[in-house]
Amino acid sequence: VWFGHIGDGNVHLNILKPDALSIAEFQRRCGEVSRWVFEIVERHGGSVSAEHGVGLLKKDYLQYSRSSAEIAIMRQIKQAFDPLGIMNPGKIFD
């Protein structure tokens, strides 16, 4: 089951796992769908996140909507505010 909305200009897609599908297979298929959706987002100059932030599930797709320079600046900001790496370690930026 897929559900979500695009009414505010952002794609909010959620996929529910069918009971008969293994977790590993569900995750594999969700990865395929995510890549497909985010490639479309990238092609149209959209963003992989909106008001909710990137989140752990989408962190690998950040480069689909942010340039290398933007990601470098994000890392610099993280470093400036958290030089010891103690706030949210291992999350979006290490």
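Do you know which residues across the range 1-28 are under 16 Å from the mean Cα position of the chain (by Cα) and surrounded by 10 or more Cβ atoms within 10 Å (Cβ to Cβ)? Within the range 1-28, GLY4, ASN10, VAL11, HIS12, LEU13, ILE15, GLN27, ARG28 qualify. Would you check if there is a residue in the range 46-65 being surrounded by 12 or more Cβ atoms within 10 Å (Cβ to Cβ) and either over 12 Å from the mean Cα position of the chain (by Cα) or farther than 24 Å from PHE93 by Cα (or both)? For the range 46-65, residues surrounded by 12 or more Cβ atoms within 10 Å (Cβ to Cβ) and either over 12 Å from the mean Cα position of the chain (by Cα) or farther than 24 Å from PHE93 by Cα (or both): present.
Every read-out reported here was derived from the displayed coordinates using simple, explicitly stated rules and does not represent laboratory data. The model shown is predicted, which means the values in this text are computed figures rather than measured ones. So basically every Cβ, Gly included, is an ideal-geometry build from the backbone, and we count neighbours across all protein chains shown.
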